[in-house]
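Just below is one structure, and these are the notes that go with it.
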Amino acid sequence: MRIPKAVKVVNLFIITISFLLISSCEDVTNSNQSPQTFSIPAWDYSDSHYFLDTIYKQSYLDYYNNVSLSSHTDSLKIDDQNFEVWVQTDVTTTGYRKAGLHVDLPILPPGGQYSSEFRTVPDLQQGIRTFGIVRKLLTEEYRLNKYAGYISLKINVPENYFVGVAYKRPMTGEQFGTSSIDTNTGTADTLVLKMIKVQNLVPANLIAWELK
């Protein structure tokens, strides 16, 4: 049975903290100093790993806890050959694109285009939907687990930057967002992306928290 990397990290973290606590106790015993308090904030999440959607939480458990994948998890796998990640940038970046980004983005309609409000985002809302300039990440700048439904960023993304994705589920034919290779999206057209990292995350951004 495969052990989740997250569990390994947590175990290592617990061992490390335990060692520090024991060391601290020994120091106190030997030097008669006051005990040292360790504080770990609950919001101190990793800034490198993000689910593509909250539905993949179960896929993550299924992938790492089972020898074989369930039919449900297999049906949600991502087409890694047509997967794109876009990160906030500015107009000085070569090949930048404009994009409307939405945390709770619906499936691409049968016609192959989202309505104009998804592209232009006239009603901006922090942690929910935004509009901006993006650049496409190179495949070596991230790692995708197409079954567990998450990506690991290999670059540092500032807290006030957003990240969006466009992907397909080949088993169901569902598509989220528009990619640079879609026939209905020209090089000058505005992309529609599913936002997985929001700008300046706050407690009120409930869905965004679940994606971390």
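Details
- Residue match in the stretch 17-35 (condition: in a helix (DSSP H, G or I), at pLDDT 75 or above and surrounded by 14 or more Cβ atoms within 10 Å (Cβ to Cβ)): no
- Tally of residues being within 28 Å of VAL202 (Cβ to Cβ), touching a Ser or Thr at 6+ places or on another chain (Cβ under 8 Å) and in a loop (DSSP other than H, G, I, E, B) across the stretch 103-129: 3
A quick yes/no check of all residues on (1) over 20 Å from the mean Cα position of the chain (by Cα); (2) at pLDDT below 95; (3) more than 16 Å from SER179 (Cα to Cα):
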| site | (1), (2), (3) |
| --- | --- |
| SER46 | no, yes, yes |
| TYR56 | no, no, yes |
| VAL67 | yes, yes, yes |
| LYS77 | no, no, yes |
| GLU84 | no, no, no |
| VAL87 | no, no, no |
| GLY95 | yes, yes, no |
| ASP104 | no, no, yes |
| GLY112 | yes, yes, no |
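- Unique residue being out of contact with any Ser or Thr (no Cβ under 9 Å at 6 or more places or on another chain), under 20 Å from VAL198 (Cα atoms) and in contact (Cβ under 8 Å) with a residue 12 or more places away in the chain when the list is VAL87, VAL67: VAL87
- Exactly one residue out of LEU153, LEU137, LEU201 is of a type outside the set (Ser, Thr, Tyr), open to solvent by less than 60 Å² (accessible area, probe 1.4 Å) and touching a His at 6+ places or on another chain (Cβ under 9 Å), and it is LEU153.
The values are calculated or read from the model by the stated rules, or taken from the named source; none is laboratory data. Predicted model, so just to flag it, every value in this text is computed and none were measured. Neighbour counts are summed over all protein chains in view; Cβ atoms, including those assigned to glycine, are modelled from backbone coordinates with ideal geometry. When the accessible area is computed, the model is the full protein with side chains, heavy atoms only, and any ligands, DNA or RNA have been set aside. Shrake-Rupley method; radii C 1.70, N 1.55, O 1.52, S 1.80 Å.
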